[in-house]
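This report refers to the structure that appears directly beneath it.
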Amino acid sequence: MDKKQNLSDFFLNKNSDFSKFKIGILVSEWNEAITGSLKQGAQQTLKEYGVLPQNIITHAVPGSFELPTAAVMILEGDDTLDAVICLGCIIQGETRHFEFIAQAVATGLVQVGVDYNSPVIFGVLTCNTYQQAEDRAGGKHGNKGIEAAVSCLKMLELERKLKH
Ligand code: DLZ
C-alpha cells in the first residue's frame, strides 16, 4: 500500500461473508464530537460489509486511557466476540498528559490483542490540534473509524484464511 493511500478508499472483497462475526466497538467519551463520527464510520462500514447489526456491540469508555482495560473486559465477558475496535481521540494539551495516554493506549491495545489472540484495532487519533482531528473524522483526510473497521475485517479474513 502506498503511504499516501487512505484506507477509507480501500475496499475489501464484497463477496466475503462477514455475517457470522461478532465485533465489539469501544468509544472514548473524550472529544465526543470526534469519536462519535469515528463510531458512526466504523458501525456503518461493518454493516456495509455484512456484519449483522445485532452482532455489533458498542460501549462507551470515559477516556482513551480506559480502552485497553475495557477491551479486556469485553473479551472476558463474551467469548463469542471475534474482534474489538477501539476508538478515541487524544489531543495535545499544555502538559505531557498526551504522551503518557497515547503511549499507554497503543502499548496496552497491542498487548490485549496478543494476549487474547484476537484482532484489537487501534482507532485512536493522536493529534496536535482539534482541526487535525476533525480532518480525520469525516473531513479532508477521511474517517479513521472507517479505516479501523476495514482493518478489523481484513484481520478477520486473514484469521479465517490461516485457520482453514
Ligand atoms: C485526562 C485526559 C486528557 C487531558 N486528555 C484526553 C484526551 O485528549 N483524549 C482522551 O481520550 N482522554 C483524555 N483524558 C482522559 C484520560 O484518557 C482518562 O480517561 C483519565 O485520565 C482517567 O483515567
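Throughout, read-outs are computed from the coordinates displayed, never taken from laboratory work. Bear in mind that the values here come from a model prediction, so they are computed numbers and not experimental data. Cβ: placed from backbone, ideal geometry, glycine included. Neighbour counts: every protein chain shown.
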Per 5 Å bin, what percent of the C-alpha pairs of the stretch 36-88 does each bin hold, from zero upward? 4, 18, 29, 25, 19, 5, 0
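Could you tell me the ratio Rg/Rh of the stretch 20-163? Both radii from Cα atoms, Rh via Kirkwood.
Working: Rg = 14.4 Å, Rh = 15.0 Å.
Across the stretch 20-163, the Cα-based Rg/Rh ratio is 0.96.
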What's the ranking of 36-43, 51-58 by average number of surrounding C-beta atoms within 10 Å, highest first? 36-43, 51-58
Proximal lysine pairs in the stretch 20-163, meaning Cα under 22 Å and 8 or more positions apart or interchain, come to 20
Which angle between 0 and 90 degrees, to the nearest 10, do you get for helix 32-48 versus the longest principal axis of the chain when only C-alpha atoms count? 10
In nm, give the distance between the simple-model label positions of D17 and Q103, each being 7 Å from the Cα along the Cα-to-Cβ direction. 4.7
So for D79, D17, fewest C-beta neighbours within 10 Å to most, what's the order? D79, D17
